[in-house]
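I have placed the structure first, in the form of structure tokens, so that the comments after it can refer back to it.
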Amino acid sequence: MKNKVKKRFLFFLCLAAGLMIIALLAPYLVPNDPYETNPLVLKAPPCAKYPFGTDKFGRCILSRVLMGAQTSIFCAVLLVLITFLVGTLLGVLCGYYEGILDALVMRLADILMSLPEMVLAIAVAGVLGGSIVNAMIALGFAGWTTYARLAKSQVLIRKKEYFISAAKMGGCSDLHIISFHILPNIIGPLIVNATSKIGTTMIGFAGLSFLGLGVQVPMAEWGSMINEARAYLQLTPWAVLFPGAAIVLTVSVFNLLGDAARDLLDVEGCHE
Amino acid sequence: MKNYILKRILQLVPVLFGLTILTFLLLYISPGDPAQKKLVSMEQTITEDMLEDMQKEMGLDRPFIQQYADWLTDVLHGDFGICYRDGLPVAGKIFKALKNTALLALSSIFVSILVSIPLGIYSAVHQNRLTDYFIRFISFFGNSIPNFLLAVLLMYFLCIQTKLFPVLSKGGSFREMILPMMALAIPNACRFTRQIRAEVLEQLGKEYVHGMRSRGVNERFVLYRNVLRSAMVSIITLIGLSIGSMMAGSVVIETIFGWPGMGKLVMDSITARDYPVVQGFVLIFGTIYVLINLLTDISYRYLDPRVEKEI
């Protein structure tokens with residue numbers, strides 16, 4: 001049982017790593033310049049030179065989908081990483097020291113959670129104006145709260161255990177206790193949570209770009225590509241279908257990775 | 001129970017207060033001077049004098065706290081300010097749009113429950129059969145597809161290819177509502193099906209089910225009277241949680257189909273830099289979201305009295 005779950009996790013980890021490598025190498029893999037417009041091949045269906053066809057400006061869709069992978073995947077992973085680090089740090093500090101910092105941070109989290117994450121993101125990105133950085137700020141605005149709450153509740157449980165009192169009596173500093181005794185014990189569920197949020201973040205990011213609140217044209221990004229192409233969907237359905245397939249595929253892989261990570265944690269937890 | 005409800009309502013006050021601060025601050029994180037933005041969106045040429053007059057009129061020359069207090073008093077009286085674009089009150093516009101969005105969201109929640117409960121139960125009862133794998137595959141797929149892509153695909157196949165439905169839903173008639181409703185309901189139904197399947201499976205593995213089966217109780221009776229009833233608690237929670245994704249989804253779906261609801265209104269206002277409408281949108285959606293969460297928690301306790309004892 002445990003081996004099977006572990007194998008499944010490793011399999012999806014490899015797939016996700018593969019996607020990230022493709023995204024990283026995208027500038028070298030593109031068959032054509034993703035930004036070069038060609039008036040001779042406007043709205044061309046898929047062919048040998050342009051495997052995914054071209055859009056209304058005659059740009060190669062395959063190249064744009066590949067370049068879009070870089071934007072989508074790295075923005076989502078980077079954002080999840082930042083919110084994870086910030087949220088965990090705040091949560092651990094709140095749980096360990098409690099007091100006024102705890103009260104302030106948790107009330108702030110309550111307020112930010114009084115809105116659905118995506119609604120807040122749309123409002124913030126809408127007010128700030130569309131750009132990659134603003135979209136990331138908008139999505140990260142409330143993103144850290146989940147980790148902060150989870151980390152805090154976990155720390156509160158661990159803090160009461162004997163090995164923490166022992167470490168305190170042994171003269172360990174707070175920093176040492178937090179980083180060597182508390183963090184290793186609570187990090188599992190937090191990492192699982194972060195992994196399963198990559199897919200949602202990607203969808204959110206693409207959604208903002210689709211609404212024109214994220215990546216701006218002409219930069220290649222899946223959400224904004226679909227938005228650009230939907231006006232002439234009838235003429236060039238491939239300009240929507242290929243970026244769409246890329247999103248669904250990538251999000252599926254990261255979602256499955258998240259599910260596998262959760263199962264792995266459950267199994268490991270039972271094993272202890 | 002009464003004490004609990006009272007306590008929860010009291011806890012709501014600081015959260016709602018915080019929400020108003022957050023909403024008010026939105027105008028301040030936007031780049032540029034609000035008076036200038038208002039003049040720009042009214043499409044006037046700006047002179048130094050006009051800017052100063054406008055700043056005075058909007059009360060921007062007063063201290064921040066006082067501005068917030070005035071704004072809050074207005075909001076509590078149901079006055080959400082004036083639209084920059086056409087000078088009409090924001091409140092009227094928002095409530096008209098809210099009616100349309102509520103219609104769309106409630107009907108799609110209803111449809112997704114109607115579809116997902118039978119599918120979830122069927123899938124759980126026939127675990128690891130072909131139909132179960134099929135349902136699971138579809139519901140996983142529906143979770144991974146972004147709502148805007150789904151809407152565009154529905155439009156392509158049902159409007160352009162087969163001409164079953166009109167492309168735009170500007171009028172708000174029933175036939176025009178079907179497509180946006182489907183676009184909102186499908187991802188939701190997929191999520192519900194997955195959760196209901198998991199919940200029913202968990203209940204089916206419990207000892208009371210073994211007991212009833214070994215006593216020869218009719219399988220249907222076990223399933224519908226006991227298992228489904230226990231699963232109902234988490235289904236209620238699910239419906240409560242889905243309100244959040246409904247709100248966000250409505251922005252995207254309404255923009256695509258042109259449905260005259262909150263989402264369309266807020267996107268139009270964002271494009272026109274009409275910030276009072278955006279503020280009203282945040283405030284209204286936030287309040288509804290908080291209230292629905294409260295209702296969910298209360299009904300959760302009502303349905304499962306064990307929860308009460310734990311606290």
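Apart from one condition, A:M113 fits all of (1) crowded, with 23+ Cβ neighbours inside 10 Å; (2) touching a Ser or Thr at 6+ places or on another chain (Cβ under 6 Å); the exception is (1).
Would you confirm, using the coordinates I've provided, whether B:I243 is modelled with pLDDT under 90, within 20 Å of B:G286 (Cα to Cα), of a type in the set (A, V, I, L, M) and crowded, with 19+ Cβ neighbours inside 10 Å?
Criteria met by B:I243.
Can you find even one residue in the range B:92-100 that is closer than 27 Å to A:G130 by Cα, assigned to a loop (DSSP other than H, G, I, E, B), out of contact with any Leu (no Cβ under 6 Å at 6 or more places or on another chain) and within 14 Å of chain A (Cβ to nearest Cβ)? No, because not a single residue in the range B:92-100 is closer than 27 Å to A:G130 by Cα, assigned to a loop (DSSP other than H, G, I, E, B), out of contact with any Leu (no Cβ under 6 Å at 6 or more places or on another chain) and within 14 Å of chain A (Cβ to nearest Cβ).
Only one entry of B:V266, B:V217 meets the criterion of being within 14 Å of another protein chain (Cβ to nearest Cβ) and either assigned to a helix (DSSP H, G or I) or over 18 Å from the mean Cα position of the chain (by Cα) (or both), and that entry is B:V266.
So for the range A:116-129 (the condition being in a loop (DSSP other than H, G, I, E, B), within 23 Å of A:Q216 (Cβ to Cβ) and at the interface with another protein chain (Cβ under 9 Å from one of its Cβ atoms)), does at least one residue qualify? Within the range A:116-129 (the criterion being in a loop (DSSP other than H, G, I, E, B), within 23 Å of A:Q216 (Cβ to Cβ) and at the interface with another protein chain (Cβ under 9 Å from one of its Cβ atoms)), the answer is yes, since at least one residue qualifies. Among the residues of the range A:1-34, those identified as among the aromatic types (F, W, Y) and surrounded by 15 or more Cβ atoms within 10 Å (Cβ to Cβ) are A:F9, A:F12. Answer yes or no as to whether A:A260 is in a loop (DSSP other than H, G, I, E, B), closer than 25 Å to A:A69 by Cα and within 19 Å of the chain's Cα centre (by Cα). Here the answer is no, as A:A260 does not meet what is asked. Output the residue which, of all residues in the range B:282-294 that are more than 10 Å from the chain's Cα centre (by Cα) and at the interface with another protein chain (Cβ under 7 Å from one of its Cβ atoms), is farthest from B:S30 (Cα to Cα). The extreme case among them is B:V290. Residues in the range B:51-103 that are of a type in the set (K, R) and under 26 Å from the mean Cα position of the chain (by Cα): B:K93, B:K96, B:K99. In the range B:246-260, of all residues being in contact with an Asp or Glu (Cβ under 9 Å, 6 or more places away or on another chain), in contact (Cβ under 8 Å) with a residue 24 or more places away in the chain and surrounded by 21 or more Cβ atoms within 10 Å (Cβ to Cβ), the one that is farthest from the other protein chains (Cβ to nearest Cβ) corresponds to B:W259.
A:S252 - would you say it is within 14 Å of chain B (Cβ to nearest Cβ), surrounded by 17 or more Cβ atoms within 10 Å (Cβ to Cβ), touching an Asp or Glu at 6+ places or on another chain (Cβ under 6 Å) and under 19 Å from A:L79 (Cα atoms)? So A:S252 fails the test. Kindly indicate whether A:L115 is closer than 14 Å to B:M247 by Cβ and touching a residue at least 12 places away in the same chain (Cβ under 8 Å). Answer is yes for this residue. Within the range A:82-115, the residues that satisfy the criterion of being within 14 Å of chain B (Cβ to nearest Cβ), within 23 Å of A:T195 (Cβ to Cβ) and either assigned to a helix (DSSP H, G or I) or touching a strand residue (DSSP E or B) at 6+ places or on another chain (Cβ under 6 Å) (or both) are A:A109, A:L112. If you check B:D79, B:D70 for being over 26 Å from A:V253 (Cα atoms) and surrounded by fewer than 13 Cβ atoms within 10 Å (Cβ to Cβ), only one passes: B:D70.
Taking the criterion of being out of contact with any helix residue (DSSP H, G or I) (no Cβ under 8 Å at 6 or more places or on another chain), among the charged types (D, E, K, R) and not in a helix (DSSP H, G or I), the only residue of the range A:1-36 that qualifies is A:E36. Any residue at all in the range B:119-141 that is within 14 Å of chain A (Cβ to nearest Cβ), under 20 Å from B:G261 (Cβ atoms) and in contact (Cβ under 8 Å) with a residue 40 or more places away in the chain? Within the range B:119-141, not a single residue is within 14 Å of chain A (Cβ to nearest Cβ), under 20 Å from B:G261 (Cβ atoms) and in contact (Cβ under 8 Å) with a residue 40 or more places away in the chain. Within the option set B:L149, B:L153, B:L103, being away from chain A (no Cβ under 14 Å) and either buried (at least 18 other Cβ atoms within 10 Å of the Cβ) or out of contact with any Pro (no Cβ under 6 Å at 6 or more places or on another chain) (or both) holds for one residue only, B:L103.
Yes/no matrix, rows are residues, columns are (1) facing chain B (nearest Cβ under 9 Å); (2) crowded, with 20+ Cβ neighbours inside 10 Å; (3) among the polar types (S, T, N, Q); (4) assigned to a helix (DSSP H, G or I):
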{"position": "A:T201", "(1), (2), (3), (4)": "no, yes, yes, yes"}
{"position": "A:S209", "(1), (2), (3), (4)": "no, yes, yes, yes"}
{"position": "A:M219", "(1), (2), (3), (4)": "no, no, no, no"}
{"position": "A:G223", "(1), (2), (3), (4)": "yes, yes, no, yes"}
{"position": "A:N227", "(1), (2), (3), (4)": "yes, yes, yes, yes"}
{"position": "A:A239", "(1), (2), (3), (4)": "no, yes, no, yes"}
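Output the number of residues of the range B:272-296 satisfying the condition of being surrounded by fewer than 18 Cβ atoms within 10 Å (Cβ to Cβ) and modelled with pLDDT under 85. Qualifying residue count, the range B:272-296: 1.
The values are calculated or read from the model by the stated rules, or taken from the named source; none is laboratory data. Just so it is clear, the structure is predicted and the values come from calculations on it, not from any experiment. Note that we place each Cβ from the backbone using ideal geometry, even for glycine, and neighbour counts take in every protein chain shown.
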